[in-house]
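What follows draws every value from the coordinates through simple rules; no lab data is involved. This is a predicted model, so every value here is computed, not measured. Virtual Cβ from ideal backbone geometry, glycine too; neighbours counted across all protein chains shown.
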Amino acid sequence: MLATATCGGPDDGVTLQSDVPREHVAVVDAAGVPDVVAATTELGAELLAGAPPRQNAVISPASLTVVLSMLAEGARGATAAELDGALGASGEVRTAAVNALLTELSQHEGEPSVASDDKLPHRPVLHLASRVVVDDGMDVQDAYLDRLAAGYGAGVASADLSGASGKAALDAWVAHHSGGLIEHSGIEPDESLRLVLQNSVLLAAAWTAPFDPQLTSTDPFTTGSGARVGVPTMHRTGEVAYTADGPWQAVRLPYVDGFALDVVLPSKGRSPASLTGDEWAALGAALRTGETATDVVLALPSVHLTSAVDLADGLRDAGVRAVWSPATADLRGIAETDDGAPLYLGVVGQQVTLSIDEAGTVAAATTEAGMMSGAMLEPARPVEMTVDRPFAVRIVHVPTELPVFMAVVNDPRG
């Protein structure tokens, strides 16, 4: 149930306070966690595989999973079944699993402003935020909003989603929770826009063993398009988790606490985008065992990537199809519109920024899903390991192996 409306933050809409407290579930009490982590990894791999060939791609599978699970809380019938299929669990099992992962990640919670600090924090900060923005005058079921508050800690706000004030509200929330790394929402105002789900994740983490900036040099790199270029390349020698038990070399570089960067260099001739969810899982299993610790002479380009992607086609390829059409979507668990027109999913977009350098990593992602009503809109038409060719990277929360960020780097220059 929602309590009295209060003023939100600067320009971010009118905040509605739910009187349902956040419920926290421990990972050990959520049987669905392994399945949701596996499905999240698979979804990330599929989305990277579907990116334009020979181009950089970066996504946050974790952020997308949170938004899809929030959407699934209000889905029914075939729509719910497809979302649950992509998420690896259904109903209360899915809700508890995502809740447990969010609870586990909240141990690293901190202010998003850390992204603009001159130095990385001594302990990794992972800032997470979720909310639902309801169009002015739209009646959303209290039970749905209460489930988002209890299971996801999601706030609720109202705004005019058809005009400039609504756009400003979405922009302000995105800018704040990404620490200013992402300036604007990817959702545009529309008369048919009824509700927006937003999730933001920000990571600022220092290496356990930083790279020495004095060892960074401009080294040759063959891009995904075959061009031979010079890129700033970091160098270090030391014992790290390493595996070559497959058509790749891979290392796991730990941050100070809780997180690690997996760097995967496929065999020559194989695209890093072709790594499957099962292969990412096998790599993770090999890298997290103490038996793989090896002295590695590592040469790794610094990385600075930004991305803004429409995830609609990738989600359709992953089996999420019914929710995109007013004729087939069943989101009655969210709301019944005044005019009887069904709600359907109009857009899912994600904006990501990822920077990896000698000190560590700063990354941010915002995932947004916009629900529409009425007629359907026309669709918009990362031993010796020298990383000197396209590679794939993944930032994982080590205790759960949840992939927070994944990327394919065809050109480290961005």
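What the table shows:
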read-out: Average projected area [Cα convex hull, region 164-302], square nanometres; value: 12.2
read-out: Extension gain (nm, one decimal) between GLU23 and THR237, 0.36 nm per residue minus Cα-Cα; value: 72.6 nm
read-out: Two-site label geometry, VAL229 and SER325: point separation in nm, points 7 Å out along Cα→Cβ; value: 4.2
read-out: Hydrodynamic radius (Kirkwood) for the chain, which is based on Cα pairs only, to one decimal in Å; value: 21.7
read-out: Value of D in µm² per second that Stokes-Einstein yields for region 299-344, Kirkwood Rh from Cα pairs, at 37 °C (0.692 mPa s); value: 241
read-out: Interchain or long-range residues, amide H under 5 Å from ASP330's placed H; value: ARG76, THR79
read-out: FRET efficiency, 1/(1 + (r/R0)^6) with R0 45 Å, evaluated for ASP136 and GLU109 via beta carbons; value: 0.90
read-out: Whole-Hz ³J(HN,Hα) from phi, Karplus 6.51 cos²θ - 1.76 cosθ + 1.60, for region 398-414, glycine and proline x; value: 4, x, 10, 6, 5, x, 7, 9, 9, 8, 10, 10, 8, 8, x, 6, x
read-out: CD proxy at 222 nm, helix term only [per DSSP H run n ≥ 4: -39500 (n - 2.57); per residue of the chain; nearest 500]; value: -7500 deg cm²/dmol
read-out: Computed magnitude of the charge dipole of the chain (debye, nearest 20; Cβ of K, R +1, Cβ of D, E -1); value: 1060
read-out: Environment charge of LYS119, counting only residues whose C-beta is closer than 15 Å and scoring Lys/Arg +1, Asp/Glu -1; value: -4
read-out: Net charge, LEU311 excluded, C-beta distance under 11 Å - Lys, Arg +1, Asp, Glu -1; value: -4
read-out: At R0 = 41 Å, FRET efficiency that the Cβ-Cβ distance of LEU215 and ARG332 yields, to 0.05; value: 0.10
read-out: Within region 175-213, backbone nitrogen closer than 13 Å to the virtual label 7 Å beyond the Cα of ALA244 toward Cβ; value: none
read-out: Of GLY180, GLY226, ALA39, farthest towards positive along the dipole that unit charges on Lys, Arg, Asp, Glu beta carbons give the chain; value: GLY226
read-out: For region 51-68, Karplus couplings with θ = phi - 60° (6.51, -1.76, 1.60), whole Hz, Gly/Pro x; value: 6, x, x, 6, 10, 5, 8, 9, 9, 10, x, 4, 5, 5, 4, 4, 5, 5
